[in-house]
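I have placed the structure first, in the form of structure tokens, so that the comments after it can refer back to it.
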Amino acid sequence: MKRFLLLFFIIFGLNIQAQTEKNDRLFFSDALVMHLPKYNKEAKAAYRHREFEKAENLFDTLVETKLKGTYIDNFKFLNLRGKEVALYDFKKPVYLLTYASWCIPGKGEIPALNELAEKYQDRIDFIMLFWDKRETAKELSKQFNSHIKVLYVDETTNKHSYVVENMKHSLGLPTCYLIAGNKQIMNIKRSVFHPYNISKEESFQLNYEAINSAITDNLIGNSQNKMPVEFNGISPE
């Protein structure tokens, strides 16, 4: 009887601890509600006065002090068959890159991403998210290897949806989200566009080094990536 009671209290205590940890999580969307208005006001002023370096520093500060460490929401996208896919369906750490057809990636960016997806396929889920129609996303998907999951959100039918407001209109694009296995945001980066007059080989090398560094610094070797956590119904969506 004593053993049974001891076991009961241990299990009960663990459940309470787990629930407390869940309640203590700050979601990405909640952090945006709290901090995005101030950032937008200051960033718009910086761009209006052509203070581009200040604008970049404002973005970096927002990410570093307000968004890193929050938990990504269980956003919903569509795959190329038009079926809904939830972000929490991916159990590995996630390298998520948001793009649109009118963005022109550096000439070496896609080859570098393809090679790194091949290298880390067993450890990381790579997602390319397009803000475009299905037909456009399907055509663009031909550039990526099979280890990169191509998803899309059609804004013509989801102009004010939860995912559009939080992932596109908030931080713009192209934007890279580095998400740990427990769905904690390790970092958020904007793509760096290299000069177009450099060779394809130089562009490949610069992109390879930048993407690989982001992966090794944020998604490999962190304790958050060792035990994925199931999120059942706790997203504020």
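The values are calculated or read from the model by the stated rules, or taken from the named source; none is laboratory data. Since this is a predicted model, take the numbers as computed values, not measurements. Cβ placement follows ideal geometry from the backbone for every residue including glycine, while neighbour counts extend to all protein chains displayed. Side chains are part of the model used for accessible areas, which takes the heavy atoms of the whole protein and leaves out ligands, DNA and RNA. Shrake-Rupley method; radii C 1.70, N 1.55, O 1.52, S 1.80 Å.
Here are the numbers for this structure:
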read-out: Sole exception among (1) out of contact with any strand residue (DSSP E or B) (no Cβ under 8 Å at 6 or more places or on another chain); (2) open to solvent by less than 80 Å² (accessible area, probe 1.4 Å); (3) more than 18 Å from Cys103 (Cβ to Cβ) for Asp125, by number; value: (1)
read-out: Yes/no for Gly69 being within 19 Å of Leu178 (Cα to Cα) and small (Gly, Ala, Ser); value: yes
read-out: Residue list for segment 99-119, filter: part of a loop (DSSP other than H, G, I, E, B) and under 18 Å from Ile198 (Cβ atoms); value: Ile104, Pro105, Gly106, Lys107, Gly108
read-out: Residue within segment 192-211 that is within 30 Å of Gly82 (Cβ to Cβ), part of a loop (DSSP other than H, G, I, E, B) and modelled with pLDDT of 90 or more present; value: no
read-out: Close pairs from segment 165-190: first more than 11 Å from Lys68 (Cα to Cα), partner of a type in the set (D, E, K, R) and crowded, with 20+ Cβ neighbours inside 10 Å, Cβ under 7 Å, at least 6 apart; value: Asn166/Asp73
read-out: Pairs with Cβ under 7 Å, 6+ apart, first in segment 211-222 and within 13 Å of Phe126 (Cβ to Cβ), second in a helix (DSSP H, G or I); value: Ile211/Ala112; Ile211/Leu113; Ile211/Leu116; Asn212/Leu116; Ile215/Leu116; Leu219/Asn225
read-out: Segment 1-46 - residue that is among the β-branched types (Val, Ile, Thr) and within 29 Å of the chain's Cα centre (by Cα) and, of those, modelled with the highest pLDDT; value: Val33
read-out: Qualifying residue in segment 164-176 (condition: assigned to a strand (DSSP E or B) and touching a Leu at 6+ places or on another chain (Cβ under 8 Å)); value: yes
read-out: Answer residue from segment 89-105, given it is of a type outside the set (S, T, N, Q) and open to solvent by 20 Å² or more (accessible area, probe 1.4 Å) and is farthest from Met186 (Cα to Cα) among those; value: Trp102
read-out: Residues being in a loop (DSSP other than H, G, I, E, B) and in contact (Cβ under 8 Å) with a residue 60 or more places away in the chain - total across segment 23-41; value: 1
read-out: Condition check for Asp73: part of a loop (DSSP other than H, G, I, E, B), of a type outside the set (A, V, I, L, M, F, W, C), within 23 Å of Asn218 (Cβ to Cβ) and open to solvent by 60 Å² or more (accessible area, probe 1.4 Å); value: no
